[in-house]
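Notes for the one structure printed next.
The values are calculated or read from the model by the stated rules, or taken from the named source; none is laboratory data. Being a predicted model, the structure only gives us computed values, none of them experimental. With ideal geometry, Cβ positions are generated from the backbone for all residues, glycine too; neighbour counts draw on all protein chains shown.
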Amino acid sequence: MYWHFKNKTGWMNDPNGLVWFKGKYHAFFQHYPYAPRWGQMHWGHAVSTDLLHWEEKDIALFPDREYENSGGCFSGSAIVKDGRLYLFYTSVSEELGQTQSMAYSDDGEVFIKYEGNPIIKESPLGDNTDFRDPKVFEYEGSYRMVVGAGIHNIGKILLFKSDDLFKWEYVGEILSDAVFGSCIECPDLFLLEDKFVLMFSSIKSLPHRVCFATGDFNGEKFIFDNEEEPFFPIETGPDFYAPQTFEAPDGRRILIAWMYNWSRNTGSGRTQVGAFTIPRQLEFNIKDQLVMFPVEEACGLLKDESRFVTAENGRLKVIFEGKTIIDRPYRDEPDIMVLEDVGVVELFLNGGTETITTYIC
C-alpha cells in the first residue's frame with residue numbers, strides 16, 4: 001500500500017491513541033508482533049507529518065506487568081497535558097480481568113507505565129469481563145473518559161471524570177441498550193462545531209456496525225438530538241471498525257478506522273494482517289448532516305471513475321478479479337468519488353454522507 005498504513009509484520013487492528021504531539025501525528029494500534037493473528041496485545045506505533053506517509057516505530061507498550069498478564073494491552077486513547085503525552089489503555093489480567101491503565105512519554109518515543117496502575121481497577125457494573133477501550137478528552141477545564149462495557153448481554157457506555165488524569169470518579173451510564181449486544185466497543189465522544197457527536201462500535205452484527213449520534217453533552221449526560229431514532233450510519237462497507245477521532249492542530253476532527261473485519265479468513269502464507277483507512281475529516285454539510293471525506297492531504301488521490309466500481313441500472317457494484325465485493329440497489333444514482341490503493345477501494349458517496357470501505361486483499 002502507498003497511502004494506507006499497515007505494519008510490517010504480524011497482526012494489527014484497532015487504531016489507538018491518535019494524537020498530534022511534538023510536530024507529528026502519532027497513531028498507535030493493537031498489535032500482535034509474532035504472527036498474523038490475534039494474540040496477547042501490544043501497542044504498535046507509527047508517526048507521520050502529512051497523514052499519508054507513515055513511519056513505523058518501535059512497539060510502544062508491551063504486556064509486561066501482572067495487570068496485563070492475560071490479554072495484554074487493549075485499545076485506548078491519548079491526550080497531551082502540560083507537554084506530556086499520556087496513553088490510556090485497557091490492561092487485561094487473569095486476576096483482575098479488564099481494567100484501565102496509563103502510560104506517559106515526554107518525547108513520544110519512550111513510554112513509562114504509571115506506577116499506580118490500574119487507575120480504574122473495578123467496573124462500576126461489578127463485572128470486569130467487558131470493560132474496555134477508554135477514550136479520554138478535555139471538558140471545560142477537567143477531563144472525561146468514556147469506556148465501552150456490558151453486562152447481562154446489554155451493551156453500555158460508562159462515563160468517568162477527573163481533574164488530574166490520575167484519579168477518576170464514576171459519573172454514570174450515558175448509553176445502555178441490548179440492541180448492541182453484550183458489549184459496546186471503542187466509544188468516542190467529541191465536540192464538532194456546535195454539537196457533540198457520540199460514536200461507537202457494536203460487536204453485534206447490526207446492519208451497520210459503527211453507529212453515530214448527535215446531541216448535547218453537559219459533562220454528565222448525553223442528550224440525543226433525536227430520541228426516537230438517535231443512531232445513524234455513515235460507513236456501510238464491510239471493512240471498517242473501531243474508528244477513533246482526534247483534533248488536528250488546525251482544529252480539524254480527523255477519524256481513522258481499522259480496515260479489515262473479524263469474519264475474514266486470514267489465509268495461509270501471510271505475514272501481516274490489517275491496515276488503517278485513509279484519514280477522514282468529519283464535519284457537518286449545509287444540510288446539517290454529519291459527513292466524512294478524505295482529509296485535504298488525500299483529496300488529490302480521489303477520482304470519479306474506477307475499473308472496480310460500476311453504478312448502473314440502479315445498482316452499485318464493487319468487483320475485484322471477478323469477485324463481487326459490493327452489490328447494492330440505489331434508487332438514485334449516487335455521486336461517487338473513489339480512492340484506490342493496493343488492495344483497497346474506498347468509496348465516498350454524495351459528498352461523504354455515505355462511505356463504503358473495502359479491503360480486497
| query | So which of Asn261, Asn218 is surrounded by fewer than 21 Cβ atoms within 10 Å (Cβ to Cβ) and either touching an Asp or Glu at 6+ places or on another chain (Cβ under 8 Å) or touching a residue at least 24 places away in the same chain (Cβ under 8 Å) (or both)? | reply | Asn261
| Hits in the range 187-239 - residues which are among the β-branched types (Val, Ile, Thr) and either farther than 25 Å from Arg264 by Cα or in a loop (DSSP other than H, G, I, E, B) (or both) | Val197, Ile203, Thr214, Ile223, Ile234, Thr236
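Quick check on my filter: what residues within the range 284-308 are part of a helix (DSSP H, G or I), in contact with a strand residue (DSSP E or B) (Cβ under 6 Å, 6 or more places away or on another chain) and closer than 16 Å to Arg253 by Cβ?
So the first thing to find is which residues in the range 284-308 are part of a helix (DSSP H, G or I), and the list is 296-301.
Narrowing further to those that are in contact with a strand residue (DSSP E or B) (Cβ under 6 Å, 6 or more places away or on another chain): 301.
None - no residue of the range 284-308 is part of a helix (DSSP H, G or I), in contact with a strand residue (DSSP E or B) (Cβ under 6 Å, 6 or more places away or on another chain) and closer than 16 Å to Arg253 by Cβ, so the list stays empty.
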| task | For residues that are in contact with a Phe, Trp or Tyr (Cβ under 6 Å, 6 or more places away or on another chain) and not β-branched (Val, Ile, Thr), tally how many sit in the range 166-183. | result | 2
| said: Any residue in the range 153-181 that is of a type in the set (Asp, Glu) sitting within a Cβ distance under 7 Å of a residue that is assigned to a loop (DSSP other than H, G, I, E, B) and surrounded by 16 or more Cβ atoms within 10 Å (Cβ to Cβ)? List the pairs, counting only those 6 or more apart or interchain. | reply: none
| remark: By residue number, the members of the range 37-54 that are farther than 20 Å from Arg132 by Cα, part of a loop (DSSP other than H, G, I, E, B), modelled with pLDDT of 95 or more and of a type outside the set (Ser, Thr, Tyr) are Asp50, Leu51, Leu52, His53
| said: Name the single residue that is farthest from Pro243 (Cα to Cα) among those in the range 264-289 being in contact (Cβ under 8 Å) with a residue 24 or more places away in the chain and among the small types (Gly, Ala, Ser). | reply: Gly274
| task | Give the residue that is surrounded by the most Cβ atoms within 10 Å (Cβ to Cβ), with candidates limited to residues of the range 290-320 that are among the aromatic types (Phe, Trp, Tyr) and farther than 23 Å from Glu247 by Cα. | result | Phe308
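If we scan the range 146-154, do we find a residue that is crowded, with 22+ Cβ neighbours inside 10 Å, among the hydrophobic types (A, V, I, L, M, F, W, C) and in contact with a Pro (Cβ under 7 Å, 6 or more places away or on another chain)?
Looking for residues that are crowded, with 22+ Cβ neighbours inside 10 Å, among the hydrophobic types (A, V, I, L, M, F, W, C) and in contact with a Pro (Cβ under 7 Å, 6 or more places away or on another chain), one finds at least one in the range 146-154, hence yes.
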